[in-house]
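One structure is given below, encoded as structure tokens.
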Amino acid sequence: MYKKIGVQTWNALIPVLTCLGLGVALWHPPEGAWLVWVGVALLAAVVTAVHHAEVIALRVGEPFGTLVLALAVTAIESSLLVVLMMSGGASATTLARDTVFATVMIICNGVVGLCLLLGALRYRVQAFRVEGTSPALSVVAALTTLTLVLPSFTSSTPGPTLSSAQLIFAGLVSLGLYGVFVFVQTVRHREYFLPPKNETDEPVHVITTTRSALFSLVLLVVSLVSVVGLAKTLSPHIERAVNAAGIPQAVVGIAVAFIVLLPETWAAAHAALRNRLQTSFNLALGSALATIGLTIPVVVATSILLDLPLVLGLPHKEITLLALTLFISAMTLARGHATVLQGAVHLSLFAVYVFLAIVP
């Protein structure tokens, strides 16, 4: 079967329109019907971003395609986080911690659970490469423990914080470990992250060009800027709704993080429905790693250069949920195949996380 994929009029026009809409929304905050349009534009930008990521992935091959989407989203998310940190406020000191933790929980439980459930409902049992997923999870566990758990137990500074020397060390280790993972994923052991061969799959011959892939790369960045910008535009309205309902502020961070992760969630779920669970895991775990490995060094540098307070250590309840998530994830990814049960377990953990954020 031949599949032609590239840049058509609709997927070239939507990023431009959503970016223009973002500019108008920043100039004139949305209200009423205009707010609905912003929500529709956000969903359109997500769909378009996933399409352009697929064009790039099909041209460069796995796992480079999933890496492009993860790096693009993380770079924009990090920039947004720095802007919010510099704006100050009572919640600015814990913003990086809450964002990274929400991202890890959404990905490791919500996205992974959704992919497992959707794939298992269609194919009953799906296979993936343990030699690719297990190392990725081990890096996630190491980085989350170093950056989110250890600060609650150090004694150089009071509270769940790190000293300047400890912050620099944590940032360098995060960046270095992520760099080693990318090297292993794309060069040293690239075959570990390729989807396992499935004899039932119909061969697909992809027709695309380098020019289309480069054009899609530009449009992908534009689409992701629109996604993050429109999410930031909607966040005050989400915050007001949360305050009106008497829900804790942590829910705002979860909502914004989920919106930012929509392109990767959509792409991962779509891959699972095509019996490409390894691609789903590459997207999910790669996004979690990029969020920690790139965001933490950026916020550490911002905190030190601008002398901004930074709280990284998680409270005991969140540490417990994180430990349980990593433990269950290790059992899920240790078998090389998954059923609907694993998906239900991860989604249940995600539901617990969201429920306890609303009812602490």
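Scan region 39-49 for residues that are buried (at least 21 other Cβ atoms within 10 Å of the Cβ) and either modelled with pLDDT under 70 or closer than 13 Å to THR233 by Cα (or both) and report the count.
Result for region 39-49: 2.
Listed here are the residues, each with its yes/no results for (1) among the hydroxyl-bearing types (Ser, Thr, Tyr); (2) within 19 Å of ILE56 (Cβ to Cβ).
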| site | (1), (2) |
| --- | --- |
| ILE254 | no, no |
| ALA257 | no, no |
| LEU262 | no, yes |
| THR265 | yes, yes |
| LEU273 | no, no |
| ARG276 | no, yes |
| THR279 | yes, yes |
| ILE296 | no, no |
| ALA301 | no, no |
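Cβ-Cβ under 8 Å, sequence separation 6+ or interchain: first residue in region 38-54 and without any contact (Cβ under 8 Å) to a residue 40 or more places away in the chain, partner of a type outside the set (A, V, I, L, M, F, W, C). Which pairs?
Note: pairs meeting the criteria are ALA44/THR18.
Do the conditions hold for PRO63, that is, is it under 17 Å from the mean Cα position of the chain (by Cα) and at pLDDT below 75? Let's see the steps before the verdict.
On the way: under 17 Å from the mean Cα position of the chain (by Cα): yes; at pLDDT below 75: yes.
In short, yes.
Take the residues of region 69-96 that are of a type in the set (Val, Ile, Thr), surrounded by fewer than 22 Cβ atoms within 10 Å (Cβ to Cβ) and at pLDDT 70 or above: which is nearest to the chain's Cα centre (by Cα)?
Of all residues in region 69-96, those of a type in the set (Val, Ile, Thr) come to 73-74, 76, 82-83, 93-94.
Still in the running and surrounded by fewer than 22 Cβ atoms within 10 Å (Cβ to Cβ): 76, 82-83, 93-94.
Right, trim to at pLDDT 70 or above and you get 82, 93-94.
On the way: VAL82: 17, THR93: 21, THR94: 19 Å.
Among them, the one singled out is VAL82.
Restricting attention to region 1-27, which residues are at pLDDT below 70 and either in a helix (DSSP H, G or I) or within 19 Å of HIS237 (Cα to Cα) (or both)?
Of everything in region 1-27, those that are at pLDDT below 70 and either in a helix (DSSP H, G or I) or within 19 Å of HIS237 (Cα to Cα) (or both) turn out to be THR9, TRP10.
Cβ-Cβ under 8 Å, sequence separation 6+ or interchain: first residue in region 271-282 and among the β-branched types (Val, Ile, Thr), partner assigned to a helix (DSSP H, G or I). Which pairs?
THR279/THR66; THR279/ALA268; THR279/ALA271
The values are calculated or read from the model by the stated rules, or taken from the named source; none is laboratory data. Because the structure is predicted, anything quoted here is derived from the model rather than measured. Note that each Cβ is placed from the backbone with ideal geometry, even for glycine, and that neighbours are counted across all protein chains shown.
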